[in-house]
Amino acid sequence: MENKYKPVIDSAVMKLYKRYPELEERFGEMGKQKCYEDNVHHFNYLQTTAAAGDEKVFIDYALWLNNVLISRGMKSDHLIDNFVCILEALEESDSEEADVFQEYLHAGIHSIRENDLAQQLENG
């Protein structure tokens, strides 16, 4: 899938794989492609959120996705790290939407962390 954010997504995927070289060993090129596709979905939600002008759209997506990933054995840190790589890639880009997308990503990260904390307190 070609995407106007391809350079930013490529950079985010590269950053993630640089931070976690074991991903390359474990999942290979197919894993990178899946990671790219996942990031396309993140950007689709960032665009939808910008069109709606309401960060709650992205927050709801981030919380929903995090719950799905946790149910499949992943940790919140995996999604947060992916969002941080996107933040960094946006920072280095000349994308018009970089500032607003970064706001939504920060809001998503914050909501995931708050949700994790609430879960920890609830579970004692």
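The values are calculated or read from the model by the stated rules, or taken from the named source; none is laboratory data. All of these numbers come straight from a predicted model, not from anything done at the bench. Every residue, glycine among them, receives a Cβ derived from its backbone with ideal geometry; neighbour counts consider all protein chains shown.
Is it fair to say Glu24 is assigned to a helix (DSSP H, G or I), in contact with a Gly (Cβ under 9 Å, 6 or more places away or on another chain), without any contact (Cβ under 8 Å) to a residue 12 or more places away in the chain and surrounded by fewer than 15 Cβ atoms within 10 Å (Cβ to Cβ)? In short, yes. Test Glu91 against the criterion of being surrounded by fewer than 16 Cβ atoms within 10 Å (Cβ to Cβ) and at pLDDT 95 or above, and give yes or no. When the stated conditions are applied, Glu91 passes them. Residue pairs whose Cβ atoms lie under 7 Å apart, sitting 6 or more positions apart in sequence or on different chains, and linking a residue in the range 72-87 that is within 12 Å of His110 (Cα to Cα) to a partner that is modelled with pLDDT under 95 and basic (Lys, Arg), do not occur here. Being modelled with pLDDT of 95 or more and assigned to a loop (DSSP other than H, G, I, E, B), is that true of even one residue in the range 54-68? So far as the range 54-68 goes, yes, one or more of its residues are modelled with pLDDT of 95 or more and assigned to a loop (DSSP other than H, G, I, E, B).
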